[in-house]
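The values are calculated or read from the model by the stated rules, or taken from the named source; none is laboratory data. Predicted model only: the values in this text are computed from it and were never measured. In this analysis, Cβ positions are derived from the backbone assuming ideal geometry, glycine residues included, and neighbour counts consider all displayed protein chains. When the accessible area is computed, the model is the full protein with side chains, heavy atoms only, and any ligands, DNA or RNA have been set aside. Shrake-Rupley method; radii C 1.70, N 1.55, O 1.52, S 1.80 Å.
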Amino acid sequence: MRNAWRNLSLRSLPWIASRGPRVSPPNLLVKVPEPKNPSFLLPFVGRIRSPSYLAIRWFSSDPAGSDEIKAELESLDLSFDRETMDLVLRDLKCVHSASEDGRVKLNSESYNRMLQTLGNNGRSEEFWRVVGTMRKKGFGISKATYLSVSKSFREEKMEKDVNLLNEAYSLCTGRNEAETACREICKILREEEPGEILQKKLDDIDDSLLSELVGVVLELTSQHPEKSLLLMEQVEKRSSLKIDGGVYNAMARILGRKDCINEFQDLLRKMRDQGHELELKTYIKVSHWFHQRKMIAEVADLYEFAMSGTVKPPPQDFLFLLKKIVLSKDLDLDLITRVVRIFVEDGNSIKRSVFGGVLKSLRSVGRLGECDKVLTAMEQGGFAADSSVHDRVVIGLCDAGRSDGAFKYLDNIENEGYSLDVKTWTYLVKKHSVAGELEQALSCFKVMTERRGGENVGCAFEELMKGYCQKDKIKDAHKVLNEMVTKRNVQPWHSTYKFLIEMFINQGYLKESFSLLEPMKSHGFPPYIDPYISYMSKWGTVDDAMGFLKAMTVKEFPSRTVFMRVFETLLKAGRHDVAHGILSKSPGSVRNHADVLDLFYSMKPDDASAVIA
């Protein structure tokens, strides 16, 4: 209530100030009140004090000494020359107040007595300095002071001071009139059926004062929207009165609640028709209230209205609103399109990070599978998505378990001219492969090779091969590899060849693994013989070894170094019969080589047993 009365004081000042002449004495500390600067007028409209402030002020029956009063004046930056100080002290010895700590505290009567002393003695400059101090303290000019000082100013022909004093005092009396009217209106509104009485009271108040009172009364009745509505209806009937945007905003802050939503929307339409804008504080307060109650459609209405004004909502509210829409119980795609269109048509561009934020919200509520629909809705509103945004949609659909939908989306997007990242293709192939959807994975990979060629698809191909091997479809993997390498010029990674060789050998497909060595060499990778050597040392036969050595052949046979590794491994493992069988079938350049003969001699059966032992 106290704040409302203070607002009333400030709002009524421009009207009152316009009644008096505006003159400004030279070299004074107090400027002429301006209608648009109400803060200057606070000293002239009395004071609003808290109970604690009132409790420490009373008239003292034991006047303080001159030194204490003088010290208090100096602390208030009111030091005067000796003659002026003597005049002031003489009167203030009799009228002052004190605080609980014993210090002198000048009250309203003290200040007004000081004004009379200074004004009646022609001390104009000091007079206005005291008025400035009273402004800070919240004290006003009393009627007795006004009459006394204005008489002295006129006698001394101090016309500028007279005019300024008249204006200042008229503000004080105007305040009293406004406060009285405001109290009476509020009292009437508390009646059960205040209609006729209220109308009669409003008719007795002139337009200029009523326009200032409406906002204050609305604030005082904000907890009772029906009373506020009644006041607005009565005021709007007054054709001679023009209601400003501030009053409508005050009313909007009152009606921005669930049980008054129809009245709120009617008010917004009325404001739009009359050209009033939504104040930022109104938008923030009402939108926050709507968000708390999950009234997302109403927030969108409010956002649209606010965006049509000169003071826009904070930029971050756009993404915040989109997130709230996708988090709602029912996903409203049309509302997404509408909000995006509002934002874009206001001249804004939407960054990719905005869609990223929307995706996070979709993921958090398990709606990631609808990210393609959300993007479509945003595009219909004016969002220009680039390839990276479409990449994120494909990945989002994959993560949501919609790999088939992701492939269709990717295929359609690239047919429209977009070129998505190879990593996106790879991610899709991997998702199909991990899910055991090998046909879909292969189909996706084939489309990838058609559009990207065979050189930069190694990662996706490795994921495809892993998928086949995890399903124990080694032969199918072998078949797909031969097809992709020979017909589509796919170049597998070195790691892919190594992985397949190990898988083929471990799963008992030794002979099939030999076929991997040739394309491996043709793609420039060094041979991967460790798994073969390990296999030979345990289970390999002479035929297995000769098949491996033949696969390693560059011209007729592989290098002597490979033979040496095979022989040494078999001899150390005690498999002399296999080693000698391989030696007997080796070319003469190997069989008769000194290093080979030395190896066999040094690893005779007895020596080999010692090595094993």
Two-site FRET efficiency, residue 273 against residue 183, from Cβ-Cβ distance with R₀ of 35 Å, rounded to 0.05: 0.60
Contour minus Cα-Cα distance for residue 487 and residue 593 (0.36 nm per residue): 33.9 nm
Area accessible to solvent at residue 493, 1.4 Å probe radius, in Å²: 110
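Rounded to the nearest whole Å³, what is the per residue volume of the convex hull around the Cα atoms of the range 189-336? Don't jump to the answer; show the numbers that get you there.
Details: hull volume 17.1 nm³, N = 148.
Considering the Cα atoms of the range 189-336, their hull volume per residue is 115 Å³.
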Estimated distance in nm for a label pair at residue 565 and residue 422, the labels positioned 7 Å out from Cα along Cα-to-Cβ: 2.9
Solvent-accessible ranking of 523, 288, largest area first, probe 1.4 Å: 288, 523
Convex hull of the range 288-363 built on C-alpha atoms - directionally averaged projected area, nm²: 4.9
Over the range 508-600 - Rg/Rh using Cα atoms and the Kirkwood inverse-distance radius: 0.95
Number of Lys pairs (Cα under 15 Å; 8 or more positions apart or on different chains) in the range 246-348: 8
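Ignoring ligands, DNA and RNA, what percent of the accessible area of the range 494-559 is carbon or sulfur (1.4 Å)?
Answer for the range 494-559 is 53 percent, counting heavy atoms of protein chains only.
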Solvent exposure ordering (accessible area, 1.4 Å, most first) of 230, 597, 218: 597, 230, 218
Descending Cα extents along the principal axes, the range 220-278, whole Å: 30, 20, 17
The range 433-502: projected area of the alpha-carbon convex hull, averaged over directions, in nm²: 4.1
Simple label model, 7 Å out from Cα along Cβ direction - residue 240 to residue 297, nm: 4.4
Size-normalised alpha-carbon gyration radius of the range 426-551, reference 2.2 N^0.38 Å: 1.06
Proximal lysines to residue 475, defined as alpha-carbon separation beneath 25 angstrom and excluding residues fewer than eight positions away on the same chain: 430, 431, 446, 466, 487, 498, 511, 521, 538, 550
At q = 0.12, 0.19, 0.20 Å⁻¹, base-10 log of I(q)/I(0) for the range 386-486 (Debye sum, equal scatterers on each alpha carbon): -0.35, -0.86, -0.94
Residue 198 accessible area, assembled protein chains, probe 1.4 Å, Å²: 0
Interchain or long-range residues, amide H under 5 Å from residue 141's placed H: 46
Per-residue SASA entry for residue 537, accessible area with 1.4 Å probe, Å² rounded to 10: 30
